[in-house]
Each structure stands twice: as C-alpha cells, then as structure tokens.
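The values are calculated or read from the model by the stated rules, or taken from the named source; none is laboratory data. Remember, predicted model here, so these are calculated numbers, not experimental data. Cβ placement follows ideal geometry from the backbone for every residue including glycine, while neighbour counts extend to all protein chains displayed. These accessible areas exclude ligands, DNA and RNA; they are computed on the full protein's heavy atoms, side chains included. Shrake-Rupley method; radii C 1.70, N 1.55, O 1.52, S 1.80 Å.
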Amino acid sequence: MKKVNFLPSDDNQCGWFHLSDQRQATPSHTGTTSTRWTVVGAGLTGLAAARRLAEHFPDDEIILLEAQEVGYGSSGRNSGFAIDLPHNIGASDYIGDPTQAGMQLKLNLKAQNSIKQLVEQHHIECQLSTAGKYQAAVEPRGLSVLKAYQQGLDKLEQDYQLISESELPDHLGTRFYKKALYTPGTLLLQPAALVKGLANALPKNVSLYENTPVSSVEYGKKITLHHLHGQIVTDQLLLTNNAFASHFGFLPRKILPIFTYASLTRVLSADEQHDLGGLPHWGVIPADPFGSTLRRTPDNRILVRNSLSFNPSGQHNPSFLRKALKRHRLSFENRFPMLSQVDFEYTWGGAMGLTRNHQGHFGPLATNVHAAVGCNGLGITRGTSTGTLLADWIAGDHNELIDFLLTSSGPSANPPEPLLSLGINFSLHRGQHRAGKEC
Ligand SMILES: Cc1cc2nc3c(=O)[nH]c(=O)nc-3n(C[C@H](O)[C@H](O)[C@H](O)COP(=O)(O)OP(=O)(O)OC[C@H]3O[C@@H](n4cnc5c(N)ncnc54)[C@H](O)[C@@H]3O)c2cc1C
C-alpha cells in the first residue's frame, strides 16, 4: 500500500476563484465503487483526459476525483495566458530545436482550438480573448532575451511586432519598459471561470467527485484508491495531478512543486483608467523568467505575478505569501506610479509542476497506470492537449503528436534531499536577485 503523504492544500485567497460564478461542488465519493477508468486530479489536464475518455468509451463510467473543488487548484490560480508559441525557458532563444518547437506549437494550437470550441459550445463566460501577449524588458539581460527570442521566432516563421519604449505607453499605460515583442496568438482568459465551466459541461458518463483526496493506493492488476470515506477499485488509473504525482510513488523528485504568486487589484475607477491610459485589455510576460507577469483584465483590474518558492509538500505556506505580497506591491508601484492608491483585493499562490529539463511525463508509469504531468508553468495549453492525447493514446490512437510526446526524454533526475532543497532555493534566490527591475 502506498500512502499519499501530502494532499493539496491551497490558500483561500485566489481572486479568480472568488470572482467567477459560484458553483455547487459535486458530492464527495463515499462507499466502494468498481470501475474501468479513474482519473485523479480535475485541473485542466484531468478535465481534458476525462472528457476525451468519455467520448472514446461512451458506455463506460469515467470517474474523476479531485482533492479540492474544481477551480481551487493551480488550474484556477494561474495568470490566464493560453500561449500558442513554444516557450522553452531552457533555450536561449525560448524556441530551441526547431523540429521540437514546431511540434510544441502544434500541441498548443490544438489546445487553443479545443478551449475556444468548448467555451463557445457551452457558453462558458471566462473572458476569453485573442489579445496576444507582450514580452517586455527593462534590464540589459531582458533586452538581450528579446533579441534572441526575435531570432527564434524568425526561425519558426512566426509573426511578431517590436514595440519601442516611446510607443509602449500607448499600449500598456506604463512608461516602465524599454522594449516589448508583441505576438498575436496568445489567448487571455479567466482561469477559474474556465475550469468551473468545463467541469459543469463534462459528458454525462463522467462522474466527478470533488473534495475527495486520495490518501493511499494499492497497485496491482486492479488498483484500489482509498480516501477518507471509501475506495475506488479501478482497472486503469490516469494520473493528472501534476506536482503531486511523486506522492503516488512515481517520478520521485522529478516534478517539483515550485510555487508562484499573484495579486489582483480592485476595479479601477473611470478616473484611474484615464490616468493609466493604454489599451483596455492586455497581458505582459517578462523577458526574464524570474520577472513579473502583468495583466489588465476586461473588468479593469491589474494582475501582478512574480516570486517563486520551493514548497516540497506541494502545500501553501503563509510566510511565502506575505513575502510575495510585499514584492507585488513594489513591482506594481514601480510600474504604475499613477495608481499608487489602488489596493490589492486578492493575493494567492499556487504550485507549478516544474522539471529540471522542462520536459513533462506523458504515457505509462506502471501496469495500468498512465500519466500526463509536469506542465512546467504552461499548463493551460499543454495540460489541455496532453490530457486529451493521453486518452486518445489509451484508446489506441496514434498520430505524430502522440509519438512526439511518447518519445520525449521525460523529466530528468534531481539529487536527493537536503541537496535538492539547497540547490533549488539557491537557484530561485539567485534568479530573483538577477532579475533586478524585471521583477
Ligand atoms: C500563479 C500562477 C500563474 C500561472 N500562470 C500560467 C499561465 O499564465 N499560463 C499557463 O499556461 N500556466 C500558468 N501556470 C501554470 C498552470 O497553472 C499549471 O501548469 C496548470 O494548472 C497545470 O494543470 P494540471 O491540470 O496539469 O495540474 P493542476 O492544475 O495542478 O491540477 C491537478 C489537480 O490534482 C489534484 N490532486 C492532487 N493530488 C490529489 C489527490 N491525492 N487526490 C485527488 N486530487 C488530487 C489537485 O487538487 C489539483 O486540482 C501558472 C501557475 C500559477 C500558480
């Protein structure tokens, strides 16, 4: 019997979760159920996998288990950039090998199409827009990343627009940045509203049980998942629980729960919107990966995301949240001195499943156990496509995207504790320090 030592426990301050429509969580699972298919983790990856399995096997019941409520985990906590382009922060030009980058682009476009189609079909109100993204820089290091990224985009034959320091205030209001590279293909959205909507629209043969954390597992020809009020005996298990996969006994120390943090202001008044200037709605990602992500939302709030911490349990830590809030305030006031009186209404954190070599795991883990985990901070598109393709592969489909994922090297190994924590904390500290004003 494998005990799951740590269960998800996120803070209760995620603005996206509270500002999206309330929904009644589905009941927790109780008693004993035998089934053919069980998916663990109802984030973007698990929702996509369960939906697709249900389409492949319309006569089977698909059980989808979620430890918290849908939208409460990282899939509802992110900055809402559904990015089309490869975003390989391990490569100097963010693109890396062009063949791999081309496949990554196909995966991301597949996910975007699926999100757009489901949002339209099920009338999901999640502020979805084709606003694109600005990758912006202020420090010399960031400016050289933009130059390299520009070359990478040329290599991939992708459209972009370079925006100079003097033009940027007309786009973003702020005079903070020296240059930006605008790419038009990113979708921006309200992530908690999206996943809540996707959960409400699951096919009839998916049984979603929320607030049902799996606390131990017996592996074998059949797999038994135990939780506080019962058990599920399943023929096939799909793990889509991202940073928590290692607690199920797989990929030890390979998918690292690195937390990042976001704050959202109150709604800007009409005068404040006027003082800010720029376009009504935009998203900025930093040239330096340790810098700040920003958004001006369609309902006129500003989002700031930065700060990273290693929380080995995968659970939130209030002291890291307090530190992040201080940094958010500083980053916000540096960029928007005209809004210095505007308070944050919400500040929260969430786990990303990061891997050392930026590769996720896709495919088999053990007999009758399969996984799509390790989204590396890009789960909106990557999770949506890998969840769908995992179900396709299990159903016997083959195509170039499945082959690409199955032949990827997968996440690389890391040293054991205490070296692991020492190494990661050192890298995070150095990266955040080096980011300078980008943060
Ligand atoms: C602040 C922040 C900003 C980000 N910004 C972006 C962005 O702009 N764009 C982007 O693409 N990505 C972004 N990310 C990353 C993105 O949120 C993740 O990549 C994405 O959530 C991964 O989706 P997932 O479904 O694979 O995993 P998750 O969303 O982590 O879902 C896994 C689910 O498994 C459940 N679970 C775990 N263990 C158990 C158990 N024992 N029993 C039952 N259920 C369990 C968890 O509760 C969770 O809901 C950001 C993340 C954060 C925190």
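Contact list please: Cβ distance under 9 Å, first residue in the range 105-130 and within 21 Å of residue 88 (Cβ to Cβ) and in contact (Cβ under 8 Å) with a residue 24 or more places away in the chain, second residue open to solvent by 30 Å² or more (accessible area, probe 1.4 Å) and among the aliphatic types (A, V, I, L, M), pairs at least six apart or on different chains.
108/378
Filtering the range 402-423 down to residues that are part of a helix (DSSP H, G or I) and open to solvent by less than 20 Å² (accessible area, probe 1.4 Å), which residue is farthest from residue 382 (Cα to Cα)? Show your work before the answer.
To start, the set of residues in the range 402-423 that are part of a helix (DSSP H, G or I) comprises 402-406, 419-423.
Of the ones still in play, those that are also open to solvent by less than 20 Å² (accessible area, probe 1.4 Å) are 402, 405, 420.
On the way: 402: 13, 405: 11, 420: 26 Å.
Out of the qualifying residues, it is 420.
Within the range 137-155, how many residues are open to solvent by 90 Å² or more (accessible area, probe 1.4 Å) and in contact with a Gly (Cβ under 9 Å, 6 or more places away or on another chain)?
Pass one, the range 137-155, residues open to solvent by 90 Å² or more (accessible area, probe 1.4 Å): 140-141, 147, 151, 155.
Right, trim to in contact with a Gly (Cβ under 9 Å, 6 or more places away or on another chain) and you get 141.
Residues in the range 137-155 being open to solvent by 90 Å² or more (accessible area, probe 1.4 Å) and in contact with a Gly (Cβ under 9 Å, 6 or more places away or on another chain): 1 in total.
Here are some conditions: (1) hydroxyl-bearing (Ser, Thr, Tyr); (2) closer than 22 Å to residue 127 by Cβ; (3) open to solvent by less than 20 Å² (accessible area, probe 1.4 Å). Residue 74 meets all but one. Which one does it not meet?
(3)
Can you pull out the residues in the range 233-250 that are farther than 20 Å from residue 391 by Cβ and more than 8 Å from the ligand (Cβ to nearest atom)?
Matches in the range 233-250: 233, 246, 249.
Go over the candidates 24, 13, 68 one by one and state the one that is out of contact with any helix residue (DSSP H, G or I) (no Cβ under 8 Å at 6 or more places or on another chain) and more than 9 Å from the ligand (Cβ to nearest atom). First the steps, then the outcome.
Working: 13 fails: out of contact with any helix residue (DSSP H, G or I) (no Cβ under 8 Å at 6 or more places or on another chain); 68 fails: more than 9 Å from the ligand (Cβ to nearest atom).
The match here is 24.
Restrict the check to the range 37-49 and report whether at least one residue is among the hydrophobic types (A, V, I, L, M, F, W, C) and away from the ligand (no atom under 12 Å from the Cβ).
Residues of the range 37-49 among the hydrophobic types (A, V, I, L, M, F, W, C): 37, 39-40, 42, 44, 47-49.
Subset that is away from the ligand (no atom under 12 Å from the Cβ): 37.
Within the range 37-49 (the criterion being among the hydrophobic types (A, V, I, L, M, F, W, C) and away from the ligand (no atom under 12 Å from the Cβ)), the answer is yes, since at least one residue qualifies.
Does residue 367 satisfy being in contact with a Gly (Cβ under 7 Å, 6 or more places away or on another chain) and away from the ligand (no atom under 11 Å from the Cβ)? Walk me through how you get there before you give the answer.
Working: in contact with a Gly (Cβ under 7 Å, 6 or more places away or on another chain): no; away from the ligand (no atom under 11 Å from the Cβ): yes.
Against the criterion (in contact with a Gly (Cβ under 7 Å, 6 or more places away or on another chain) and away from the ligand (no atom under 11 Å from the Cβ)), residue 367 does not qualify.
Could you please give the count of residues in the range 262-284 that are open to solvent by 10 Å² or more (accessible area, probe 1.4 Å) and not polar (S, T, N, Q)?
Final tally of qualifying residues: 12.
Any residue at all in the range 73-81 that is away from the ligand (no atom under 15 Å from the Cβ), in a loop (DSSP other than H, G, I, E, B) and farther than 24 Å from residue 218 by Cβ? Break it down into steps so the answer makes sense when it comes.
First, pick out the residues of the range 73-81 that are away from the ligand (no atom under 15 Å from the Cβ): none.
Among the residues of the range 73-81, not one is away from the ligand (no atom under 15 Å from the Cβ), in a loop (DSSP other than H, G, I, E, B) and farther than 24 Å from residue 218 by Cβ, which makes the answer no.
Have a look at 100, 104 and point out the one that is in a helix (DSSP H, G or I) and closer than 20 Å to residue 287 by Cβ.
Details: 100 fails: closer than 20 Å to residue 287 by Cβ.
Just a single option satisfies the conditions, and that option is 104.
Give the number of residues within the range 156-183 that are in contact (Cβ under 8 Å) with a residue 12 or more places away in the chain and loosely packed, with under 15 Cβ neighbours inside 10 Å.
Filtering the range 156-183 for residues in contact (Cβ under 8 Å) with a residue 12 or more places away in the chain gives 156, 158-165, 168-174, 176-183.
Cutting the leftovers down to loosely packed, with under 15 Cβ neighbours inside 10 Å gives us 159, 161-162, 164-165, 170.
Total satisfying the criteria: 6.
Are there any pairs with C-beta distances below 8 angstrom linking a residue in the range 369-390 that is closer than 18 Å to residue 89 by Cα to a residue that is near the ligand (Cβ under 10 Å from one of its atoms) and basic (Lys, Arg), with the two at least 6 apart or on different chains, and if so which?
Close Cβ pairs satisfying both conditions: 375/382; 376/382.
Suppose we filter the range 305-325 for residues that are surrounded by fewer than 16 Cβ atoms within 10 Å (Cβ to Cβ) and charged (D, E, K, R); how many remain?
Qualifying residue count, the range 305-325: 2.
Considering only residues that are assigned to a helix (DSSP H, G or I) and open to solvent by 50 Å² or more (accessible area, probe 1.4 Å), look in the range 330-354 and name the one that is nearest to the ligand (Cβ to nearest atom).
Of all residues in the range 330-354, those assigned to a helix (DSSP H, G or I) come to 330-335, 337-339.
Keeping just the survivors that are open to solvent by 50 Å² or more (accessible area, probe 1.4 Å) gives 330, 333-334, 337-338.
Working: 330: 18, 333: 20, 334: 20, 337: 25, 338: 25 Å.
The residue in question is 330.
Is it the case, given these coordinates, that residue 61 is under 17 Å from residue 211 (Cα atoms), touching a residue at least 24 places away in the same chain (Cβ under 8 Å) and out of contact with any Pro (no Cβ under 7 Å at 6 or more places or on another chain)? Before you say what the answer is, go through the steps one by one.
Working: under 17 Å from residue 211 (Cα atoms): no; touching a residue at least 24 places away in the same chain (Cβ under 8 Å): yes; out of contact with any Pro (no Cβ under 7 Å at 6 or more places or on another chain): yes.
Here the answer is no, as residue 61 does not meet what is asked.
Is there any pair linking a residue in the range 198-218 that is among the acidic types (Asp, Glu) to one that is open to solvent by 30 Å² or more (accessible area, probe 1.4 Å) and in a loop (DSSP other than H, G, I, E, B), with Cβ under 7 Å and at least six apart or on different chains, and which?
210/26; 210/28; 210/69; 218/1
Could you list all residues from the range 355-400 that are aliphatic (A, V, I, L, M), open to solvent by 20 Å² or more (accessible area, probe 1.4 Å), in contact with a helix residue (DSSP H, G or I) (Cβ under 9 Å, 6 or more places away or on another chain) and not in a loop (DSSP other than H, G, I, E, B)?
From the range 355-400, those aliphatic (A, V, I, L, M) are 365-366, 369, 371-373, 378, 380, 389-391, 394-395; that's our starting set.
Restricting the remaining residues to those that are open to solvent by 20 Å² or more (accessible area, probe 1.4 Å) gives 365-366, 378, 394-395.
Next, only the ones that are in contact with a helix residue (DSSP H, G or I) (Cβ under 9 Å, 6 or more places away or on another chain) stay: 365, 378, 394-395.
Once the filter is applied, which keeps residues that are aliphatic (A, V, I, L, M), open to solvent by 20 Å² or more (accessible area, probe 1.4 Å), in contact with a helix residue (DSSP H, G or I) (Cβ under 9 Å, 6 or more places away or on another chain) and not in a loop (DSSP other than H, G, I, E, B), the range 355-400 yields 365, 394.
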